[in-house]
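Just so it is clear, none of the values below were taken in a lab; they were calculated from the coordinates. Predicted, not measured: the structure shown is a model, and the values here were computed from it. All Cβ positions, glycine included, derive from the backbone under ideal geometry; neighbour counts span all protein chains shown.
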Amino acid sequence: MPMSVIRALDREIIAKFVRPRPGVYILYASRQGPPRYVGRSDKLYERLNWWTTDKAKESWGDYNYFSFKYVKTNFEAFKAECSLFHRHFSTLDYQNHPGRDKGCDWKCPKCNIFDDKNLRLCKTYPNKKNSLREAIIKVLKTKRNITSLQEIYSGIKKFYNVSRYQNAIDERYNQPRIQIWIRSIISKLVNEGKVKRIGRGLYKIK
């Protein structure tokens, strides 16, 4: 079964098209944009509704569209999420390998991450466990004082692994996508009152 069409991440839309069944989902910032988050749930309806809450937006930022597909079991959901993770890795905001359900010895169909019991991150993609939003906040907290955009651009790599897609130049703005995304997230943090704009390109955590 293929993924569904991309729809607006809205409670009324979710209520109309999604049921509380096991499945996987993809979140997008825009309808034409690349996948930004992949996940699974044994109750898709409840999980997708959570992504519309203020708590989700504060923790992860805004995702405006979604697609999904049902599966029969939690194990199939795990395998499907792993496959989506590896397929769309380069554009994802959260680049930590999907975990297994508690007490299960499932294997990823795409890599050998679970061959070593002590290995926490995917051998193919050794990433830091932060969303881009969380990484930006950590950079600002580390600096404490006024922080420039350039310091955020360079400091983000300490907390977040930037993918090739994010490092690539966006032809519309002739800038790396990661810089555009960082500015967008900072603007939202300012509007939310979590960050204060001191001057042109200068910020401070509140």
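Assorted remarks:
- Summing charges over all other residues whose Cβ lies under 13 Å from the Cβ of D42, with Lys and Arg as +1 and Asp and Glu as -1, gives +3.
- Taking the helices alone, the chain has a mean residue ellipticity at 222 nm of -10000 deg cm²/dmol, built from -39,500 (n - 2.57) per DSSP H run of at least 4 residues and averaged over all its residues.
- Kirkwood-based Rg to Rh ratio, the chain, C-alpha trace: 0.98
- Cleavage-rule hits (trypsin sites (Lys or Arg not before Pro)) in the stretch 159-190: DSSP loop, at most 16 neighbouring Cβ within 10 angstrom: R172
- D (Stokes-Einstein, µm²/s), Kirkwood Cα radius, the stretch 149-200, 1.567 mPa s at 4 °C: 108
- Angle of helix 74-88 to the longest C-alpha principal axis of the chain, folded into 0 to 90 degrees and rounded to 10: 40°.
- Listed pairs K158/K188; K55/K157; K43/K188; K43/K72; K16/K57 exceeding 20 Å between Cα atoms: K158/K188; K55/K157; K43/K188; K16/K57
- If the chain linking R11 and Q150 were pulled fully straight, counting 0.36 nm for each residue of separation and taking away their Cα-Cα distance, it would gain 46.2 nm.
- The simple Förster model, with R0 at 22 Å and r as the Cβ-Cβ distance, assigns R183 and W50 a FRET efficiency of 0.25.
- When the P(r) of the stretch 26-92 is calculated, the portion above 19 Å amounts to 33% of the C-alpha pairs.
- Sites S30 and C104 - FRET efficiency at Förster radius 30 Å, r taken between beta-carbons, to 0.05: 0.30
- Estimated dipole of the chain in Debye, rounded to 20 [Cβ of Lys and Arg +1, of Asp and Glu -1, Cα centre]: 500
- Residue (of W106, Y37, Y25) at the positive-pole extreme of the chain, dipole from beta-carbon charges: Y37
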